[in-house]
Each structure stands twice: as structure tokens, then as C-alpha cells.
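Each remark here refers to the structure printed beneath this line.
The values are calculated or read from the model by the stated rules, or taken from the named source; none is laboratory data. Fair warning: this is a prediction, and the values are worked out from it, not measured in the lab. We place every Cβ from the backbone using ideal geometry, glycine too, and count neighbours over all the protein chains shown.
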């Protein structure tokens, strides 16, 4: 009787461990989208009102997984345009780019924008947060 109870308890414990580990293993083995900036945050710096030009730049991301990464959609918020991004499969260890474009009103402000990428990564959606400051030039 004790051996049957021990066998049953061991089986339940084994199945519990396997069911908990399965999702972790699936995430580690699939594609993994990572922006190449720390903590998915990009500080674009400080600019003077009299020097504002349209911002047009590229953001890189890397496939840190073990399978090809497919980015199906990228969108920006608040007037941020996404003219293009890497649409071909990105192999493990390779990088892709997202082209970002926006304009700012010529006034003192702190701007916060986001770029959202949708992919076949297990998380599905990755958000990049960008900030910049616009200030007046001080006259000496």
C-alpha cells in the first residue's frame, strides 16, 4: 500500500514538473524578438526649437531565438510613421530594421512615442519606447 501511494505521488509530481517546464522550453526554442536598445527604451536626446527637422531613422532588432522570426506588422503611435520594416524571415542571430519617421511641433516639449512590432515570437508584441526633449536656445 505504501509503495502504491509513493508511486502515485511520484507520478503526480513528475507530471506537474513536466507541465510547468513545457511552456518554458517552447519559449526558449522558438523565435525571439529583441530590440537592440537596453530595456526597449531609446532616448533620442535634446534638440533646440530652431533646429527641428523631420526625424527619420532606423531601429534594429535581433532574433535571439532558435527559429526564423517573422515580423507581420509594425505600427507607431501619435503620428509616428513606419514606412518600412524587414519583412523577410530573420534567421537566428540575424538582425532586422524598422524605419521610423515623425515630425515635431516647434515648441518646448518632452515627446514620448512608441513603436509596436507584432511577430511570431512567443510574446507576440514588443513595444519600443522613445523619448526626446525640445528646448529653447538660451541667448547669452
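So which residues in segment 114-140 are closer than 13 Å to residue 49 by Cβ and part of a strand (DSSP E or B)? Please lay out each step first, then the result.
As a first pass, look at segment 114-140 and keep what is closer than 13 Å to residue 49 by Cβ: 132-139.
Within segment 114-140, 132, 133, 134, 135 meet the criteria.
Could you give me the residue pairs with C-beta distances under 7 Å whose first residue belongs to segment 30-57 and is on the phi > 0 side of the Ramachandran plot, whose second residue is assigned to a strand (DSSP E or B) and modelled with pLDDT of 85 or more wherever it lies, and which are 6+ apart or on separate chains?
Close Cβ pairs satisfying both conditions: 40/126; 40/127; 40/128; 40/129; 45/132.
Does segment 70-104 hold any residues that are part of a loop (DSSP other than H, G, I, E, B) and within 15 Å of residue 131 (Cα to Cα), and which are they?
If the condition is that a residue be part of a loop (DSSP other than H, G, I, E, B) and within 15 Å of residue 131 (Cα to Cα), then 77, 78, 79, 80, 103, 104 are the ones that fit.
If the requirement is being modelled with pLDDT under 95, crowded, with 17+ Cβ neighbours inside 10 Å and under 28 Å from residue 138 (Cα atoms), which of these qualifies: 48, 55?
Within the list 48, 55, the selection yields 55.
Out of all the residues in segment 16-27, is one or more modelled with pLDDT under 95 and surrounded by 11 or more Cβ atoms within 10 Å (Cβ to Cβ)?
Yes; the residues of segment 16-27 include at least one that is modelled with pLDDT under 95 and surrounded by 11 or more Cβ atoms within 10 Å (Cβ to Cβ).
Out of contact with any strand residue (DSSP E or B) (no Cβ under 7 Å at 6 or more places or on another chain), surrounded by 13 or more Cβ atoms within 10 Å (Cβ to Cβ), at pLDDT 90 or above and outside any strand (DSSP E or B), is that true of residue 67? Talk me through it step by step, then tell me what you get.
Numbers: out of contact with any strand residue (DSSP E or B) (no Cβ under 7 Å at 6 or more places or on another chain): yes; surrounded by 13 or more Cβ atoms within 10 Å (Cβ to Cβ): yes; at pLDDT 90 or above: yes; outside any strand (DSSP E or B): yes.
Yes, satisfied.
Of all the residues that make up segment 115-140, how many are on the phi < 0 side of the Ramachandran plot, under 10 Å from the mean Cα position of the chain (by Cα) and surrounded by fewer than 18 Cβ atoms within 10 Å (Cβ to Cβ)?
6
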